[in-house]
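A.B. asks: Just passing along the structure, written as structure tokens.
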Amino acid sequence: MAASLFLTRGYQLTSMDDIVTVSNVSKTNIYYHYKNKEELLIAIVDQLIDRYDRQISLVLSQDELSIPDRLDRMLRLFADHQEQQDILGGCPFLTLYTQTAHVSEEVAAKIKAFFDWQLIGVERLLEFGKQRGELSQNMPTAATAALIVTSVEGALFVAKACARPRLLEELRHGLVSMLMLKR
């Protein structure tokens with residue numbers, strides 16, 4: 001419940017009293033587990049990262065699929081999550097980072113590490129695709145991985161800001177098509 005409030009109303013606009021009201025848990029019980037709102041935020045970020053890490057790792061490890069198919073499935077994960085929630089900035093990590101990086105260095109570091117891990121995972125997948133001959137040997141791996149990850153983040157935000165939920169689907173098709181160009 002707290003995660004939903006932070007992502008849809010905003011971290012700064014959500015009080016511990018709001019969380020108590022929505023969760024039907026006593027304030028004493030919440031403070032027993034979390035000494036303050038920042039500690040609760042850190043736990044929420046950890047849960048989000050763990051969920052996305054597991055889902056992305058599962059998709060990226062499916063060796064029976066082609067590299068473009070794995071990237072397509074990974075992009076579908078983000079599109080599906082975006083459609084299921086009304087997150088302020090489109091992406092939970094972008095939303096929480098922009099609202100709380102000045103409040104919690106720990107949250108900022110965790111989100112940075114998540115994106116670093118994501119970039120490395122996409123780079124590895126692209127390198128594997130080049131080794132298997134599915135992707136062009138001339139493709140700049142790090143630059144392409146950066147293009148993919150930043151395009152997804154930007155598309156999540158733009159889809160929300162412009163009320164264009166299909167934008168992620170369009171991006172997905174565009175990125176996969178670009179990867180299939182072998183020259």
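A.B. asks: Under a cut-off of 16 Å between alpha-carbon atoms, report the aspartates and glutamates in cross-link reach of K160, not counting same-chain residues fewer than 8 places apart.
C.D. replies: D80, E83, D86, E169, E170
A.B. asks: How big is the Kirkwood radius of the range 12-54, worked out from every pair of different alpha carbons and given in Å to one decimal?
C.D. replies: Evaluated on the range 12-54, it is 11.2 Å.
A.B. asks: Now, a different point. Taking 30 Å as R0, compute the FRET efficiency from the Cβ-Cβ separation of L65 and A142 and round it to 0.05.
C.D. replies: Efficiency, rounded to the nearest 0.05: 0.85.
A.B. asks: Please list, by residue number, every one of the chymotrypsin sites (Phe, Trp or Tyr not before Pro) in the range 82-146 that is coil in DSSP and has at most 16 other beta-carbon atoms within 10 Å.
C.D. replies: Details: sites: F93, Y97, F114, F115, W117, F128; in loops: none.
Nothing satisfies the criteria.
A.B. asks: What percentage of the solvent-accessible surface of the range 30-183, computed with a 1.4 Å probe over protein heavy atoms, is contributed by carbon and sulfur atoms?
C.D. replies: 55 percent
A.B. asks: Against the globular-protein guess of 2.2 N^0.38 Å, express the Cα radius of gyration of the chain as a ratio, rounded to two decimals.
C.D. replies: Here the answer is 1.15, to two decimals.
A.B. asks: Evaluate the range 37-119: find the radius of gyration of its Cα atoms, find its Kirkwood radius, and give the ratio Rg to Rh. Don't skip to the answer; put the middle values down first.
C.D. replies: Numbers: Rg = 13.9 Å, Rh = 13.7 Å.
Checking Rg against Rh, the ratio lands at 1.01.
A.B. asks: Further question: So what is the relative contact order for the range 1-149, in percent, with contacts set as C-alpha pairs under 8 Å and at least six apart?
C.D. replies: 25 percent
The values are calculated or read from the model by the stated rules, or taken from the named source; none is laboratory data. Just so it is clear, the model here is predicted, and its values are computed rather than measured. FYI the Cβ positions are ideal-geometry reconstructions off the backbone, even for glycines, and counts take in every protein chain you see. Surface areas here come from the heavy atoms of the whole protein model, side chains and all, with no ligands, DNA or RNA. Shrake-Rupley method; radii C 1.70, N 1.55, O 1.52, S 1.80 Å.
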